[in-house]
Structures are given as C-alpha cells and as structure tokens.
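Okay, here's the structure, questions in a sec.
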Amino acid sequence: MAEREQKRKQSTTRSDEVVETVPPTTKQGDKLKAELDELLDEIDEVLEDNAEEFVRSYVQKGGQ
Amino acid sequence: MAIRKVLGIETEYGIILRGADSNPITVSSLLINAYVSALARQASAGNNKVGWDFEDESPGRDARGFAREGAMAPEIETHLVNAVLTNGARYYVDHAHPEYSTPECSDALEAVLWDKAGERILARSIEAAGEVLPAGQEIVVYKNNSDRKGNSYGCHENYLLDRAVPFARLASQITPHFVSRQIYTGAGKVGSEAAGIGPDRVPFQLTQRAEFFEEEVGLETTLKRPLVNTRDEPHSDSQRYRRLHVIVGDANLAEISTFLKVGVTALVLSMIEDDELAGLDLTLAAPVQAHRIVSYDLSLATPLEMADGRRMTALEMQWELLDRAKKYAESRGLESVGVEVGRDLLDRWEAVLHALETDYLSLAGQLDWVAKYQMVSGYRERHHLGWGDHKLAALDLQYHDVRPGRSLYEKCGLERLFTEEAVVSAITNPPTTTRAYFRGRCLQKWAGSIAAANWDSLVFDLGTDPLRRVPMMEPLRGTAAHVDRLLQQCETPAQLLEALGST
C-alpha cells in the first residue's frame, strides 16, 4: 500500500508539472464547451425522429 | 513463463428491421447472406461461401472437469448462415443476432484493429442488404449489449492460457479484475434495467452488462450469467492449452477502451499464469453485488467490502494491479503480451487511472462511458430534460449505431489507434502473426476448394475423395513467417496439400 501511495504521489507530481505548461483551465474549459456545443448541434441533425417509438420498438431476444 | 496471450473478441450485434414485421433470425441471416453474396459477386468466382465445420465444437464442456448432460455440438444451428472470411474471422448467426468473431490476434492492438474491421463489415452488410430489401425496409445494427428492456447479448473475449494453470486459482484471481476494470471498459448506459431502480437512483451507469450477472462462476451464458465462465473449449491442443471465455465485458466502440479491456486483461492473466499475484489478496466479499455497485457508481469512490474485512474502491484495486504489473514487467518481461504493446499498455493504463481519479471528464475523447456520459448530460442540460426522458435513452442507443453518419460514437470523435486505411485492409486481410493468416490466405486463394473451416482446421475438397483436413492445433503456427513462401510457391491446393504432407 505504501508503495502505491508513493507512486500515486509521483504521478500527481508529474501531472502538476504538465498543468503549468498548458493554458489556464478556463480557456481549456471554454474550448471543451465549444466542442460539446458543436457535437450537440450535430446530434440534433441525425437523432432518430420519434425517440419514444424508437426506444420502445428496440427489442432483442435470445442473446448470450 | 506465461505463454503468448493469443486473443480474440466475439460480438453479438443488436439488429432490427424497419418497415416490416420480422423474425430476428431471418433478418440476421439475410444481413450476412447479403454481405457474403456481394463478396462472391465481386470476386465473380461463383460460390465463395465457405461453411463452418462444427465437428470439434463442444460448448458444453466445463473447465472444472465435467460435461453438461445433453451437451452436444450445435448441429441444430448449422442451417443458419455461417461464413468464414478472408481476414480469418467468423461471421454468422448466433441465437438471434449477427455475430462477428475476430480472427486470432497475437496482441491487444491487433484485436482492436480486427474488432473495428468487424464494425465496418456490419455496416457494409447493411448496405448490401439494402440492395435486396423492398423499398421502405431497412436493417439497422447496434454494437451494444442491451435493448434497455432486460434483454442482453454479449461481447465475449477469448484468451489463450497454459492448461497447467489451476482453474480455481484463475477464477479467484481474475474476478477482482473483472469487477474493477469496469471503470474503463464500460460502454455506459442511461438508467437501469433492474426492477425497482429508477432514474433517481441510477441516472447513468458505467456499463451495459453489469446488471445481467447473477453468479460468480459457471457454464451458462444466456441466463444466470456468471462473472467467470467455465466453458472449456480450447479450439487448440487441449493437452497444452485452455481458452478463457470471458463473457462479463461490454462491446466497446472506443478503441482505447477495447485496447485496455483486452490488453490489461491479457497482462493480468499472464501474471496469474506465472503465479505473480500470490500475496495480493483482492478477494471481494460479494463479487456479484460489487460488480453492480461499481457500475452504478459515477463517483468512482464507493468502497467495496473485501473478504478480509478491508474496504477498497475499484480504482484502488486497479492501482494495486498496475503496481504488480509494473514489477512483473521488470522481473519477467512483457513477451506474453508483446513487448512494445505491453509498454504502451502500462503507460495508458496508468494515465487513464490517474485521469479517472482526478478529472474523469478529461477522458471523454478516450473511453466509451465517459464520451457517452458527457454527450447525454450535455444534451440533457441544453434541453432541460429529466434523466428518464426517452430522448436520452434514444441517444444511448444511437451511440452504438454502426451506420456511418448515424453513429453518435463517431460524432463524439474519440481517439483512434489506427487509420481508416488500416481498418479497411483488415476487412479482407488476416493478421500475419497467428494461424488466422493461413486460414485467411487459403480462403483468398482457394475458396472454391475449401469445403469447411474451423478455428483449428481447414477442410479441402479437391474434387476427389476423401476430403482432406489440415489440422491447425497450434494458434501460433501458420503465421506469415511460417507459410508465406509455401503459399506463394503453390499454385493449386493440391500442391499445398502435397507440400504439407496431407495427401
């Protein structure tokens, strides 16, 4: 257990170093949010028309 | 020393026909027939269908040393479509689903590639079926494991093990890994299918399959499913090998999820084989319940009861296994999982555990459950929906749609381990590193002379009695290095058989 704690501390240290070199979290967060917004826009275009009927009629029997 | 972890993935796909009432077995047959017929037309070589040979199959044999009463080769299903492809894979109707079994792969990276090729084969099959179906009808296929109504279908992994490993040790040491690995192998599911558990209690869970497991160890695969399946059917020399048939996992679309699922499991199995997990007691007090708790736990912080009274989270269990694996890599090497692949595996495993611990949403570009969770929660917030809304269930299903343009997995843009060119090549070409190479190349060259194929043999029909069976009992023989020159030298299957000494 002690060794695991040590290793986890090491990896935390490593990632702290990385954090210093990347843009501030807010900017990163903005970028992620923009990507997610784009994804959600696209989803609206391809999503099955009648969600309730689509979900209800999807029945699979006899699987392993 | 642990033997090479030859591995493969079998996936039962969900299937529906839109625009008509249908029987799923008929639709699955139609789908696969359409693909195989289209291939035959392309090859313009007449009948390219090569059937599967069931002679050596015995799924009722139990690894604990007894045979189930009445167990027999599944002759009843031989009338169903059952094709062997030139990439060495098997493509067939199993129960009421189309199923694709990858060829035997020699490492986790290859398994990712031929598993992804399977998705493309299903997508191409849908196109081929579209050409023969009446207007207004369409087949749609999903790579998932549940219809959200309590019916599940599997994605099974297979690993080659040394027969000498005692099965009891194997079962007890692999169980903690199966329970805890869900934190990166899960494909995600909106809600729960268990009786009485509503969206308030479980809005979203890590896996598709956890709710369908009721036993710790057993032979069943369709009801009372066990965490450790005891099917003992090595499809190779049964004196030397065991094939561990793993039924507990989800079907993954994310390549990193698949890579970690089969790669880490292969590595843990190597450690068990070399008895390197002795002294690391991760035995759970109640593995079946723990399995479900992990799947339901979006905080990744719920402690599980251990048999010795300790409490550990799934993450802590995975850190322990990773520590052991690093020591194992130093002391015994990584040959059994491939040295390069093994190193990459250790790095990715550690990075993923670290990210799960600190900020799991940062894995939305890598793991299925995180990608799905981010997409579904984002959609829910934008449209102010409750977790029980049908639209979220629809998003969940459509994440797994294999049609390009409709697949929400594709829209999520997850990290790839291979180029699309490599995937397309794997649709028709076998891995070079296992006996699948011999099977695939023979089918490419002489499909018209192969009467039947199986994992461990090819049966040639040269037009003269009797049929000639070429046994392939060693999964690592028949590789490109072994047989490429021979196959190039032979123009006819008769020459091949003569060279192999089978005539």
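The values are calculated or read from the model by the stated rules, or taken from the named source; none is laboratory data. This one's a predicted model, so the numbers in the text were calculated from it and none came from an experiment. In this analysis, Cβ positions are derived from the backbone assuming ideal geometry, glycine residues included, and neighbour counts consider all displayed protein chains. Note: areas computed on protein heavy atoms with side chains; ligands, DNA, RNA excluded. Shrake-Rupley method; radii C 1.70, N 1.55, O 1.52, S 1.80 Å.
What percentage of the solvent-accessible surface of the protein assembly as shown, computed with a 1.4 Å probe over protein heavy atoms, is contributed by carbon and sulfur atoms?
Details: 11390 of 22920 Å².
That share works out to 50 percent.
Sticking with this one: Summing -39500 (n - 2.57) over the DSSP H runs of n ≥ 4 in chain B and dividing by its residue number, what mean residue ellipticity at 222 nm do you reach, to the nearest 500 deg cm²/dmol?
-12500 deg cm²/dmol
Which angle between 0 and 90 degrees, to the nearest 10, do you get for helix B:480-489 versus the longest principal axis of chain B when only C-alpha atoms count?
It works out to around 20 degrees.
On to the next question. Going through segment B:376-470, which GluC sites (Glu not before Pro) have at most 15 other Cβ atoms within 10 Å and a DSSP loop state?
Passing sites in segment B:376-470 are B:Glu415.
Counting other Cβ atoms within 10 Å of each Cβ, which trypsin sites (Lys or Arg not before Pro) in segment B:258-327 have at most 15 and sit in a DSSP loop?
Answer by residue number: B:Arg310.
Apply the Karplus curve 6.51 cos²θ - 1.76 cosθ + 1.60, θ = phi - 60°, to the phi angles in segment B:465-478 and return the couplings in whole Hz, x for Gly and Pro.
So the J values, rounded to whole Hz, are 6, x, 5, 10, 9, 9, x, 9, 7, 9, x, 9, 10, x.
Excluding residues on the same chain fewer than 8 positions from B:Lys326, give the lysines whose Cα lies under 26 Å from its Cα.
By straight Cα distance, B:Lys326 reaches A:Lys7, A:Lys9, B:Lys5, B:Lys261.
About its Cα centre, how strong a charge dipole does chain B have in debye, to the nearest 20, once Lys and Arg get +1 and Asp and Glu get -1 at the Cβ? Working shown, then result.
Numbers: 53 positive and 71 negative charges, 113 e Å.
That gives chain B a dipole magnitude of about 540 debye.
Give me the angle, in degrees from 0 to 90, between the Cα long axis of helix B:24-43 and the longest principal axis of the Cα atoms of chain B, rounded to the nearest 10.
Helix B:24-43 sits roughly 50 degrees off the main axis of chain B.
Then there is this: Using protein heavy atoms only (no ligands, DNA or RNA), what is the total accessible area buried between B and A, 1.4 Å probe, nearest 100 Å²?
Buried area (both sides, nearest 100 Å²): 3900 Å².
Can you list the residues, at least 5 places off or on another chain, whose amide H is less than 5 Å from the amide H of B:Ala451, using H built in the peptide plane?
Amide H to amide H, under 5 Å and 5 or more residues apart or across chains, B:Ala451 pairs with B:Val459, B:Phe460, B:Asp461.
By the gyration tensor of its Cα atoms, with a ≥ b ≥ c the square roots of the eigenvalues, what is the shape of segment B:122-169: rounded for a/c under 1.5, prolate for a/b over b/c, or oblate? Mind showing how you got there, number by number?
Details: a/c = 6.27, a/b = 2.36, b/c = 2.65.
Because a/c hits 1.5 or more and a/b fails to exceed b/c, segment B:122-169 counts as oblate.
Using Cα centres only, tell me the gap between segment B:170-218 and segment B:441-503 in whole Å.
43 Å
At 1.4 Å probe radius, can you tell me the per residue accessible area of segment B:434-500 in Å²? Before the final figure, lay out the partial values.
Details: 3120 Å² over 67 residues.
Computed with neighbouring chains in place, this is 47 Å² per residue.
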